Amino acid sequence: ARRQEQEVTEVLDAVDFGVIRIATDGTVAIRNDAHARLQQPLHAASDGKGAGTDVPAYRDDGLTRLPPAELPLARALRGEAFDGQVVWFGDEPGPRQALSVTARRLTDSAGRDAGAVVVSRDVTSELNALRARDDLVASVSHELRTPLTAILGYLDLAIEDPGLPEHLRANLDVAERNAERLLGIIGDILAASSSSSSVEVSLAPRLIDASEIVR
C-alpha cells in the first residue's frame, strides 16, 4: 500500500498540471507539487518576498473581478462539477497567469459521493497568442476594409454616370463585383477572428453617456 501510494505521489508530482483531491468532508486530501508551482511566481511577485499573499482573480475576460465564492476551488468544495473555467490571476502591469480549471465529482463502488478531483492547467501562453492573433487579424482587416469601401463608392459614382460608354461600364461592373467579393471575404475573416477564441465571453453591462459616443 505504501509503495502504491508513493508511486501515485511521484506520478502526480511529475505532471505539469495541478491536481487537488477533495475528500467527502470537503477537506483537501491530496495536492500535487505542480499546483503550487503554477502560481508560485504570482505569489512571489505579490509582495516581492514570496510570502504568498492573496493574488487577485479575474474572469476569463481578464477584467472582471471574480468573487471568492466563484473561484474554482470554492465551487468544487460546494459540490459543483464544471469544465474549463478560465481564471486570470494577477494585476497588470505585473505578471499575470491564466488557468483552465476542471472539477469532477467521484463516486465509490456503492455509488455514493466520494469527493472530487480538481485539475488546473496553465493556458496563459495559449490565450495571449490567440488574443495577439485576433488583434492582428482585426487590425489588418480594418485597414483593408477602409480603402475598399472608398473604392466601391467611387465605382458606384462612375457606373451611375449617364455619359459613361457601355464597354467601360461593363469593365467597371467587373471591378465592382470583385471589390464587393473581397469586402465580403474581409468581413468573414473578421467574423471568424471574433468567434475563434476558446475563451468564454463575459459581459459586464454598465451605464454610459451616449453623447460621448456621438461626439
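The values are calculated or read from the model by the stated rules, or taken from the named source; none is laboratory data. A quick note: this is a predicted structure, and the numbers were derived from the prediction, not measured. Neighbour counts run over all protein chains shown; Cβ positions are idealised from the backbone, glycine included. When the accessible area is computed, the model is the full protein with side chains, heavy atoms only, and any ligands, DNA or RNA have been set aside. Shrake-Rupley method; radii C 1.70, N 1.55, O 1.52, S 1.80 Å.
In region 93-214, carbon and sulfur make up what percent of the accessible area (probe 1.4 Å)? All intermediate terms of the calculation are to be shown ahead of the outcome.
Details: 5010 of 8320 Å².
Accessible surface attributable to carbon and sulfur in region 93-214 totals 60 percent.
Report the dimensions of region 79-122 along its three principal axes from the alpha-carbon atoms, largest first, rounded to Å.
Projected onto the principal axes, the Cα atoms of region 79-122 cover 51, 12, 12 Å.
Take the Cα gyration tensor of region 90-214, multiply each eigenvalue by 5, square-root it, and list the three semi-axes largest first, rounded to whole angstrom.
52, 20, 15
May I ask you to derive the relative contact order of the chain, considering only C-alpha pairs under 8 Å and at least 6 residues apart, and to give it as an integer percent?
Numbers: 271 pairs, mean separation 35.9, N = 215.
Normalised by residue count, the contact order of the chain is 17 percent.
Once amide H atoms are built 1.01 Å from N in the peptide plane, which residues 5 or more positions from Leu106, or in another chain, come under 5 Å H to H?
HN-HN under 5 Å from Leu106: Ala114, Gly115, Ala116, Val117.
Averaged per residue, what accessible surface does the chain expose to a 1.4 Å probe, in Å²? Each step should come with its number before you reach the end.
Details: 14240 Å² over 215 residues.
Value returned for the chain: 66 Å² of accessible area per residue.
State, as an integer percentage, the relative contact order of region 105-174 based on alpha-carbon contacts under 8 Å between residues 6 or more apart.
Details: 20 pairs, mean separation 9.8, N = 70.
After rounding, I find 14 percent.
Using per-residue counts of other Cβ atoms within 10 Å, averaged over each peptide, order 209-215, 24-30 from highest down. Before the final figure, lay out the partial values.
Numbers: 209-215: 6.9, 24-30: 11.7.
In decreasing order of mean packing, 209-215, 24-30 become 24-30, 209-215.
What FRET efficiency, computed as 1/(1 + (r/R0)^6) with R0 = 22 Å and r the Cβ-Cβ distance, is obtained for Ala179 and Thr146, rounded to the nearest 0.05? The partial results should precede the final answer.
On the way: r = 13 Å, r/R0 = 0.58.
The computed FRET efficiency comes out at 0.95.
Write down the Kirkwood hydrodynamic radius of the chain, to one decimal in angstroms, obtained as one divided by the mean of 1/r over all alpha carbon pairs.
So the Kirkwood estimate lands at 22.0 Å.
How compact is region 96-160 by the rule of thumb for globular proteins, expressed as Cα Rg over 2.2 N^0.38 Å? Don't skip to the answer; put the middle values down first.
Working: Rg = 25.6 Å, N = 65, 2.2 N^0.38 = 10.7 Å.
Ratio of Cα Rg to 2.2 N^0.38 Å: 2.38.
If you take the beta carbon distance between Ala210 and Val8 as r and set R0 to 41 Å, what does 1/(1 + (r/R0)^6) give as a FRET efficiency, to the nearest 0.05? Each step should come with its number before you reach the end.
Working: r = 60 Å, r/R0 = 1.46.
Result of the calculation: an efficiency of 0.10.
Okay, helix-only estimate at 222 nm for the chain: each DSSP H run of n ≥ 4 adds -39500 (n - 2.57), divide by all residues, round to 500 deg cm²/dmol; what do you get? The partial results should precede the final answer.
Values: 6 runs with 105 residues, N = 215.
Value at 222 nm, helices only, nearest 500: -16500 deg cm²/dmol.
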